[in-house]
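Asker: Take a look at this one; I'll ask things after.
Since every read-out is calculated from the coordinates, none of them should be taken as a lab result. Predicted model only: the values in this text are computed from it and were never measured. Note that each Cβ is placed from the backbone with ideal geometry, even for glycine, and that neighbours are counted across all protein chains shown.
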Amino acid sequence: MNMKKKILTAAFICTVILTTRSEVSPYITRVLEYKPAPGQFVNTTTTAYKTGYSAEQVRAYAETLLTQRPKSGLLSLGSFGGYIVVGFDHTIANVQGEYDFKVYGNAFYSAQQVKQKNRPGGSCEPGIVMVSRDLNNNGIADDEWYELAGSEYADVNTIHNYTITYHRPDIAGADIPWSDNQGAKGFVHRNIYHQQTSYYPLWTAGDILTFSGTRLASSSVNEGTEEVPYWVLYSYPWGYADNHPNADEKSNFKIEWAVDQQGNPVDLPGIDFIKIYTGQLQESGWLGETSTEICDVEDLHPDVVLSLTEESTNIYAVNPIGEFLQLTTDESCEIILYNSLGTVVLRERISSGSHSLPTMSLTKGVYTLQVIKDGQSIKTMKLIK
Ligand SMILES: [Ca+2]
Ligand SMILES: [Ca+2]
Ligand SMILES: [Ca+2]
């Protein structure tokens, strides 16, 4: 069975999702998991830690930092592999051809001229982004994950299935030893700027932490001298978190970039969970280890309502209705729009594709959209104008 078939078959158990604009938040509403790898911000509030916190208290505090308004929190993911899993109060629809969400980090370009032309650099700390659909509809991220294949996915210097294990040091304040599945060993080194008790997460059980994923090649260069270093962390073109400034289009993501473990493209109608992990194992002199930072994730089209039917017809409606009712369907069907009194105000047969049906004559209020296929009502959606 090919992947597309599998996804659509699994969609049978999904309930139809009905939302209106006033009910959804475009931003993160949940932090399901937060497991930073060792690093210079570990065991500080930048990794959601306060003295004596348990793993669950760290997760809860991470959720508070990322969901409180006004926005103020920022989380570091530590060295390679450290990750966060976030969720939303609705499914983020995959609008074909468009960016679907933005990941906010703290990347910036250097104010000084960097030496590598056509490659912005400064503090670019790329994180790998993965997506998942809550196919079993239990609210937990226990479903299959798909990597968004960024610009370096097929690069020869990218290491897929990379695994690293960090070891709790014998002395809390020592450098953090690691070993990987490529036969290498090394340390996450302490620096003079961050002098907390340990760079190893104190709230974790056991004496090792293992992370796996796609490792991007190092991209930091000392553009100064040995005496007066000037470290530039160069960006990759696209498809990574904390890799370009938040205002830049290149911090946006398309669900269409999803691939399975074999690298085959996967057709996802929408996603419920996003996982982000630090994608480099890199140290840059006094700057220390590279760590992806995360402030938030934003659904770039929260008004698009995704719903799946048992017939596997994907139909999207933009809610609320404006001057036009905008619909996208992957199969031809008939739609009937009722007003709150149950009177038919619009009836059309539509073919697969996108449609704008004039609705300027409709008064403000609540409407019900019924979708009919082969003479059967296959779904209803509540819309507002
Ligand atoms: Ca898209
Ligand atoms: Ca699930
Ligand atoms: Ca950063």
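Asker: Report the FRET efficiency, 1/(1 + (r/R0)^6), for Ile208 and Asn137, where r is their Cβ-Cβ distance and R0 is 51 Å, rounded to 0.05.
Answerer: Working: r = 34 Å, r/R0 = 0.67.
Taking R0 as 51 Å, the efficiency between Ile208 and Asn137 is 0.90.
Asker: Hey, for a label at Lys115 modelled as a point 7 Å past Cα toward Cβ, could you say which residues of the range 281-298 have their backbone N under 18 Å away?
Answerer: 283-287
Asker: Ratio to report: Rg/Rh of the range 87-239, with Cα atoms as the point set and Rh obtained by the Kirkwood method; give two decimals. Don't skip to the end; give the middle numbers.
Answerer: Values: Rg = 19.0 Å, Rh = 19.0 Å.
For the range 87-239, the value is 1.00.
Asker: Given the Cα-Cα distance of Ser179 and Ala154 and 0.36 nm per residue of separation, how much length would full extension add, in nm?
Answerer: Details: separation 25, 0.36 × 25 = 9.00 nm, distance 2.46 nm.
This chain segment gains 6.5 nm when fully extended.
Asker: Going down the list Lys35/Lys102; Lys35/Lys275; Lys102/Lys250; Lys254/Lys275; Lys102/Lys254, which pairs span over 18 Å between their C-alpha atoms?
Answerer: Checking Cα-Cα distances, Lys35/Lys102 exceed 18 Å.
Asker: Additional query: Hey, what did the chain get for relative contact order, percent, Cα under 8 Å, at least 6 apart? Each step should come with its number before you reach the end.
Answerer: On the way: 974 pairs, mean separation 90.6, N = 385.
Computed over the chain, the figure is 24 percent.
Asker: Ser340 to Ile384: extension gain in nm, 0.36 nm per residue of separation minus the Cα-Cα distance?
Answerer: Values: separation 44, 0.36 × 44 = 15.84 nm, distance 1.02 nm.
Net length gain for the segment: 14.8 nm.
Asker: Hey, another quick one. In whole angstrom, how long is each semi-axis of the equivalent ellipsoid of the range 309-384, when you take the square root of 5 times every eigenvalue of its Cα gyration tensor and sort them from largest down?
Answerer: Computed over the range 309-384, the values are 19, 13, 10 Å.
Asker: At 222 nm, what value in deg cm²/dmol follows for the chain if DSSP H runs of at least 4 each add -39500 (n - 2.57) and the sum is divided by all its residues, to the nearest 500?
Answerer: Values: 2 runs with 21 residues, N = 385.
Here the helix-only value at 222 nm equals -1500 deg cm²/dmol.
Asker: Please state the Cα pair-distance histogram of the chain with 20 angstrom bins from zero: what percent is in each bin?
Answerer: 27, 50, 20, 3
Asker: Additional query: In the range 135-205, which chymotrypsin sites (Phe, Trp or Tyr not before Pro) fall in coil by DSSP and have 12 or fewer other Cβ atoms within 10 Å?
Answerer: Numbers: sites: Trp145, Tyr146, Tyr153, Tyr162, Tyr166, Trp178, Phe187, Tyr193, Tyr199, Trp203; in loops: Tyr153, Tyr193, Tyr199, Trp203.
Listed in order of number, the matching sites are Tyr193.
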